[in-house]
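See structure below.
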Amino acid sequence: QFGRTEVIDNTLNPDFVRKFIMDYFFEERENLRFDFYDVDSKSPNLSKHDFLGQMFCTLGEIVGSQGSRLEKSIVGIPGKKCGTVIVTAEELGCCRDSVLMQFCANKLDKKDFFGKSDPFLVFHRSNEDGSFTICHKTEVVKNTLNPVWQAFKISVRALCNGDYDRTIKVEVYDWDRDGSHDFIGEFTTSYRELSRGQSQFNVYEVINPKKKGKKKKYVNSGTVTLLSFLIETEVSFLDYIKGGTQINFTVAIDFTASNGNPLQPTSLHYMNPYQLNAYGMALRAVGEIIQDYDSDKMFPALGFGARLPPDGRVSHEFALNGNPQNPYCHGIDGVMEAYYRSLKSVQLYGPTNFAPVINHVARYAASVKDGSQYFVLLIITDGVISDMAQTKESIVNASKLPMSIIIVGVGPAEFDAMEELDGDVVRISSRGRFAERDIVQFVPFRDYIDRSGNHVLSMARLAKDVLAEIPEQFLSYMRVRGIKPSPAPPPYTPPIHVLQTQI
């Protein structure tokens, strides 16, 4: 149980005021249940009150609804209409502020034998348990005891975890080439103090506790002054979702012969009546989270590397539902159904070409660059890619479009080429052109097979890792293009129930 609302007396149309603060992660499925009761006494025990029904949803479903406002039927009492509930979500403001600040120092201690000091600052935020975590280091200013550091930007979350009174510790060091930097001194402050801006409150004495203990006349090791403090509110991923941006989800499945005959239990495409195969698991894991952000729940599903009936032509971009004019399937269940159906009708073949399905989604993404839609392509494959040069070219072109690509590798193959496409270590390039941004995330499915056989856990971990980068990739596209989120629809105001009286 996460919490309870207040009780509103004597009404069938209550408008609850109490808010509940919870952590939101795009990449996780967060299941919620709302239970409704008619309170009959002061007892905190729910069994003493009448149960009125319940509503199930995910946090993503609320956030992904238009204006982050979800209206859903209350269920749970057989044969009875239990009414509807409206739930709205809003992002807390403190989580998205950044601060631009600049510092200078005066008369710092001289640490170098020959020249003056080479000072830099290290900022630490304090944690709940009293420990400290480094959150920022300034650059080094060479050979001066009165440095002026460049302004830097840091999120409020990183600086103090959104707690304005939490201690921020700042250490001053003299940089040494060999890495044994000399400690000059330190001081503490807080976000609330810093937010007063440039003033006498924000001139800090730098204290070296060792010196203070030894020398009676010790005053300080110099002072550090805040020169400027500017709060900037960043637009967040949820601002776009709330403003109506839709995330379109497309699936592409590898039907090459290296997967093995689907009728054999050793095949990666084996249709086991009792549990999902690796393709089904990867598809479900990622799809069930993304579907909350797509209002029509219609997903194009493609296959590649198979020979198609009736004439056996090889295709690297065929509709799983057999309808090339309309490859859309309804919901993740519809995609699964089309996948199983096509396994029965097509012949696994080859080679493993990625470029056609990437270009297929890129054509759609190229037609809506105004920020109203973003495309995520999930490719599930068993392996070694045959059209590496063309695929790189497709990815470099797609990096300019509102799209991201997730590749899940199933089976035991070596996935070196996939790691190269991922571009986390070296940005991907084609014919001398580099990708504008990193849009590919690759994971091998075998890293997520739970030893105990608990597939629910392994699917959740898989989804978390492949989807974690999507909001940042999404924001990087919007920022580069200068696209601002659309305003959210006006908040919901409950209808006023007029009491009719007869005169």
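Taking 0.36 nm per residue of separation and subtracting the current Cα-Cα distance, fully stretching the chain between THR84 and PHE183 would add 29.4 nm. Amide H contacts under 5 Å for SER98: VAL156, GLU232, THR233, GLU234, restricted to partners 5 or more places along the chain or on a different chain, H placed in the peptide plane at 1.01 Å from N.
Sparsely packed loop sites in segment 230-295 (the GluC sites (Glu not before Pro) outside DSSP H, G, I, E and B with at most 15 other Cβ atoms within 10 Å) comprise GLU234.
Residues whose amide H lies under 5 Å from that of HIS316, counting only those 5 or more places away or on a different chain, are GLY305; hydrogens are built 1.01 Å from N in the peptide plane. For a modelled paramagnetic label at ASN143, 7 Å from Cα along Cα-to-Cβ, the residues of segment 173-193 in reach, with backbone nitrogen under 17 Å, are 175-177.
When only alpha carbons of the chain are considered, Rg and Dmax amount to 28.9, 99 Å. For segment 212-349, the carbon plus sulfur part of the accessible surface works out to 52%, probe radius 1.4 Å. With the cut-off at under 20 Å, measuring from each backbone N in segment 287-317 to a point 7 Å along the Cα-to-Cβ line of GLN325 picks out 298-303, 309-311, 317.
Solvent-accessible surface of the chain, taken per residue with a 1.4 Å probe and all protein chains present: 54 Å². Note on LYS217 and VAL425: their simple-model spin labels are 5.9 nm apart, each label 7 Å out from Cα toward Cβ. Annotation: lysines with alpha-carbon distance below 27 angstrom to LYS116 (same-chain offsets under eight excluded): LYS107, LYS137, LYS142, LYS169, LYS210, LYS211, LYS212, LYS214, LYS215, LYS216, LYS217. Taking the centroid of alpha carbons for each part, segment 42-69 and segment 295-312 are 38 Å apart. Karplus-based coupling profile of segment 422-438, in residue order and whole Hz: 4, x, 6, 8, 10, 4, 5, 9, 9, 6, x, 9, 9, 4, 5, 8, 7, with θ = phi - 60° in 6.51 cos²θ - 1.76 cosθ + 1.60 and x standing for Gly or Pro.
The distance between label points at ASP165 and ILE77 comes to 4.5 nm (points 7 Å beyond Cα on the Cα→Cβ vector).
Computed from the C-beta positions of LYS19 and ALA468 and an R0 of 22 Å, the FRET efficiency is 0.25 to the nearest 0.05. Sparsely packed loop sites in segment 408-454 (the GluC sites (Glu not before Pro) outside DSSP H, G, I, E and B with at most 16 other Cβ atoms within 10 Å) comprise GLU414, GLU436. Net charge dipole, the chain: roughly 1300 debye, given to the nearest 20, about the Cα centre with Cβ charges of +1 for Lys and Arg and -1 for Asp and Glu. If you plug the beta carbon distance of THR11 and ASN45 into 1/(1 + (r/R0)^6) with R0 = 22 Å, you get a FRET efficiency near 0.45. In this simple spin-label model, placing a label point 7 Å from the Cα along the Cα-to-Cβ direction at both ALA366 and GLU232 gives a separation of 3.3 nm. The charge dipole of segment 37-175, taken about its Cα centre with unit charges on the Cβ of Lys, Arg, Asp and Glu (plus for the first two, minus for the last two), comes to roughly 180 debye.
When DSSP beta bridges are restricted to pairs lying wholly in the chain, around 70% turn out antiparallel.
Packing, as the average of other Cβ atoms within 10 Å across residues, places the peptides 439-448, 152-161, 28-37 in the order 439-448, 152-161, 28-37, highest first. Computed 3J(HN,Hα) for segment 20-34, one whole-Hz value per residue from the Karplus formula 6.51 cos²θ - 1.76 cosθ + 1.60 where θ = phi - 60°, is 10, 9, 9, 6, 10, 10, 3, 7, 10, 8, 10, 7, 10, 9, 10, glycine and proline marked x.
Residue ranges 103-114, 13-24, 61-72 sort as 61-72, 103-114, 13-24 when ordered by packing (mean number of other C-beta atoms within 10 Å per residue, highest first).
With viscosity 1.002 mPa s and temperature 20 °C, the Kirkwood radius over alpha carbon pairs of segment 1-91 converts through Stokes-Einstein to a diffusion coefficient of 147 µm²/s.
Taking amide H atoms as placed 1.01 Å from N in the peptide plane, the amide H of PHE375 lies under 5 Å from those of ASN248, MET403, SER404, each 5 or more residues away in sequence or on another chain. 3J(HN,Hα) along segment 105-117: 9, 10, 6, 5, 4, 7, 10, 8, 5, 8, x, 7, 7 Hz, from the Karplus curve 6.51 cos²θ - 1.76 cosθ + 1.60 with θ = phi - 60°, whole Hz, x for Gly and Pro.
Computed over the chain, the per-residue total of -39500 (n - 2.57) for DSSP H runs of n ≥ 4 gives a 222 nm mean residue ellipticity of -6500 deg cm²/dmol, rounded to 500. Distance from the alpha carbon centroid of segment 360-423 to that of segment 250-288 works out to 19 angstrom.
The values are calculated or read from the model by the stated rules, or taken from the named source; none is laboratory data. Quick caveat, the model's predicted, so the values are computed rather than measured. Note: ideal-geometry Cβ built from the backbone for every residue, glycine included; neighbour counts use all protein chains shown. Just so you know, the surface numbers come from the protein's heavy atoms only, side chains and all, with ligands and any DNA or RNA stripped out. Shrake-Rupley method; radii C 1.70, N 1.55, O 1.52, S 1.80 Å.
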